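Taken together, the values in this text are just the output of simple stated rules run on the coordinates, not laboratory data. This one's a predicted model, so the numbers in the text were calculated from it and none came from an experiment. Cβ atoms come from the backbone with ideal geometry, glycine included; neighbour counts cover every protein chain shown.
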Amino acid sequence: MPVFMCVCESVSNIAGRLKPTKTESLLPAISYLYCCLSLSPAHCTDRAVSMLLSNSGLMDQLQTVFSSSSSSSFSAPSLSPSACPPLALLCCCHLLLSSLITLQRVHSTQVHKSITWSLDTAVQRLLTQKRNTDSLLLISYLRLLQALLDTDLASEVVCLTSGPGLVGLRPLGIEDGALYPLGSRGAQCLSIALSGLLLQKHELLLRASVNCLSSLLGFLQRKSPATGIKQRDGERGSE
């Protein structure tokens, strides 16, 4: 086993055993794991992603961070600052998860434990809270959404939760069913949010927005061609 793989395995095991409150240790561990996946040679990523996805402790850590973030998004006044994950940690967790999603799809890696993630909360944050959200956090959200859209929101790594704000009330209509769990309303909200981000002067944020919008249009064209054409024409009309 290559040395970096041994180190990666050791770091992932340590990260899986840390208490969620030990953010000063958890942050560099998550950051290192993301760098390992991003910088590993192509022939090594299969083994690396398999090792990380089989680490239930690590997956539990990611779930804890996302659950804390989701709870604090719309009820922050009731939570102490210590209950909310640091911005840098949340960014790194988003980026690590996006890499796991992409590489799991490439290698068809077995998934032992999925992570639950609120699509509704993510879209609402981009739509209504983007002005009050740090640019790097927005970029990490967009990168994760892009990875999910590229898998048609059907990655084995993530179990997405939706809500009436995206798909309306049940029973679902034909279009909402085809685009589930994003739904037609959710697709429109996400498109509006991304279009607004295209006006930003932050280069990395602009690039992430363009890439995510491209993935959204691809998703719509694959799942609901009529919606995809309307959305694409709408984007052209706004240029």
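Among all the lysines, which ones have a C-alpha under 26 Å from LYS201's C-alpha, if same-chain residues fewer than 8 places away are not counted?
LYS130
Taking the Cα centre of the chain as origin, sum charge times position over the Cβ atoms of Lys and Arg (+1) and Asp and Glu (-1), and report the length of that vector in debye to the nearest 20.
My answer is approximately 180 debye.
Report the local net charge at CYS93: Lys and Arg +1, Asp and Glu -1, summed over other residues whose C-beta lies under 14 Å from its C-beta.
My count for the surroundings of CYS93 gives 0.
For VAL158, enumerate residues with amide H under 5 Å from its amide H, sequence gap 5+ or separate chain, H modeled in the peptide plane.
Placed amide hydrogens put ILE115 under 5 Å from VAL158.
Please identify, among LEU33, LEU95, LEU206, the residue showing maximal mean-square fluctuation in a Gaussian network model of the chain using a 10 angstrom Cα cutoff.
LEU206
Quick one: what are the phi-derived ³J(HN,Hα) couplings along region 130-147, Karplus 6.51/-1.76/1.60 with θ = phi - 60°, whole Hz, x for glycine and proline?
5, 5, 9, 10, 4, 4, 5, 5, 4, 4, 5, 4, 5, 5, 5, 4, 4, 4
Check SER118: other-chain or 5+ apart residues with amide H under 5 Å from its amide H, H built from backbone geometry?
Residues meeting the criterion, in which the H sits 1.01 Å from N, are THR161.
From the list [x] 56, 41, 31; [y] 52, 44, 40; [z] 47, 41, 34, can you say which value of Cα extents along the principal axes in Å was derived from the structure given?
The value computed from this structure is option [y].
In whole Hz, with x marking every Gly and Pro, tabulate ³J(HN,Hα) for region 148-162 from phi via Karplus 6.51 cos²θ - 1.76 cosθ + 1.60, θ = phi - 60°.
Per-residue couplings from phi come out as 5, 5, 5, 9, 6, 6, 10, 5, 6, 6, 10, 9, 7, 10, 10 Hz.
Once phi is turned into ³J(HN,Hα) by the Karplus curve 6.51 cos²θ - 1.76 cosθ + 1.60 with θ = phi - 60°, what whole-Hz value does each residue of region 99-116 show in order, with x for glycine and proline?
Each residue's phi maps through the Karplus curve to give 5, 4, 4, 5, 6, 4, 5, 5, 9, 6, 6, 5, 10, 8, 8, 8, 9, 8 Hz.
Along the positive direction of the dipole of the chain (beta-carbon charges: Lys, Arg +1; Asp, Glu -1; about the Cα centre), which of SER10, GLY177, MET51 reaches farthest?
So the residue furthest toward the plus end is GLY177.
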